[in-house]
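A short reminder: the numbers here are calculations on the coordinates, not readings from a lab. Model, not experiment: these values are computed from the prediction. Every residue, glycine as well, gets a Cβ built from its backbone with ideal geometry; the counts of neighbours run over all protein chains shown.
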Amino acid sequence: MLIGIPKEVKDFEYRVSLTPDGARLLRQQGHQVLVEPSAGQGSGFSDEAYRQAGLQAWAEYQATGQHVTHAEADAWLAKLEAGDAAEAPECHD
């Protein structure tokens with residue numbers, strides 16, 4: 001599964017959705033994890049800490065020619081929320 005760690009954009013919000021250690025565990029389970037630049041900065045996690053955990057920067061991922069648009073992500077999430085497992089088989093082991 002492709003998992004993205006975004007940088008928080010709200011004022012005075014410094015949390016990050018996933019720490020480097022958590023991301024490392026997901027990578028060890030076979031997931032691909034991308035991180036937006038400075039996503040962990042407000043919580044004290046540097047971009048280098050995420051690189052050391054084996055994460056790829058979002059820009060590097062896009063540079064390979066791969067991308068997911070917001071519309072594609074929204075459509076996929078809507079199917080997942082509706083319980084349509086056939087549309088998202090990669091979410092199930």
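May I ask you to compute the full-extension gain from residue 28 to residue 48, defined as 0.36 nm times their residue separation minus their alpha-carbon distance, rounded to one decimal in nm? Before the final figure, lay out the partial values.
Details: separation 20, 0.36 × 20 = 7.20 nm, distance 1.83 nm.
5.4 nm is the gain from fully extending residue 28 to residue 48.
Order 29-35, 11-17, 1-7 from most to least packed using the mean count of other Cβ atoms within 10 Å. Write out the running numbers ahead of the final one.
On the way: 29-35: 16.9, 11-17: 11.6, 1-7: 15.0.
Result, highest mean first: 29-35, 1-7, 11-17.
What is the set of long-range amide H partners of residue 3 at a cut-off below 5 Å, with H atoms built 1.01 Å from backbone N?
32, 33, 34
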